[in-house]
Amino acid sequence: MNTLRQRTTITRRSTPALPRHVRIQFDPVRQAWAVLSPEKVFWPNEVSLDILRRCDGETTVATMVTALAAEYGAPEEDIEPDVVTFLQEWTDKLLVRS
């Protein structure tokens with residue numbers, strides 16, 4: 001019997017985290033940060049890496065947005081849709097859990 005997985009939806013109150021099978025690691029050969037998961041390697045850009053590093057299972061998306069807005073000097077209302085979309089895509093791929 002096939003069972004469908006229910007989609008997790010990212011909201012401002014979500015507290016995303018990296019699952020045990022996903023980790024962030026520096027690659028000294030390429031001098032770049034990689035996100036490692038079974039059978040796949042992702043090379044996130046600086047902003048994506050800043051978001052993923054905040055995925056500790058305790059920090060809410062709203063708190064992440066506030067911190068990123070301050071760090072990048074941009075309005076929260078401009079940053080929030082991008083952060084939520086990014087986290088939703090990674091959650092859908094099972095690379096982030098919430």
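The values are calculated or read from the model by the stated rules, or taken from the named source; none is laboratory data. Predicted model only: the values in this text are computed from it and were never measured. Cβ sites come from the backbone with ideal geometry, for glycine too, and all protein chains shown count toward neighbours.
Mind checking which residues of region 1-39 are modelled with pLDDT of 95 or more and more than 16 Å from residue 55 (Cα to Cα)?
26, 27, 28, 29, 30, 31, 32, listed by residue number.
Say we look at region 25-56 and pick out the residues that are touching a residue at least 24 places away in the same chain (Cβ under 8 Å) and more than 11 Å from the chain's Cα centre (by Cα); which of these is farthest from residue 83 (Cα to Cα)?
Among them, the one singled out is 37.
Quick test for you: out of 96, 22, 47, pick the one residue that is surrounded by 15 or more Cβ atoms within 10 Å (Cβ to Cβ) and touching a Cys at 6+ places or on another chain (Cβ under 8 Å).
Details: 22 fails: touching a Cys at 6+ places or on another chain (Cβ under 8 Å); 47 fails: touching a Cys at 6+ places or on another chain (Cβ under 8 Å).
Just a single option satisfies the conditions, and that option is 96.
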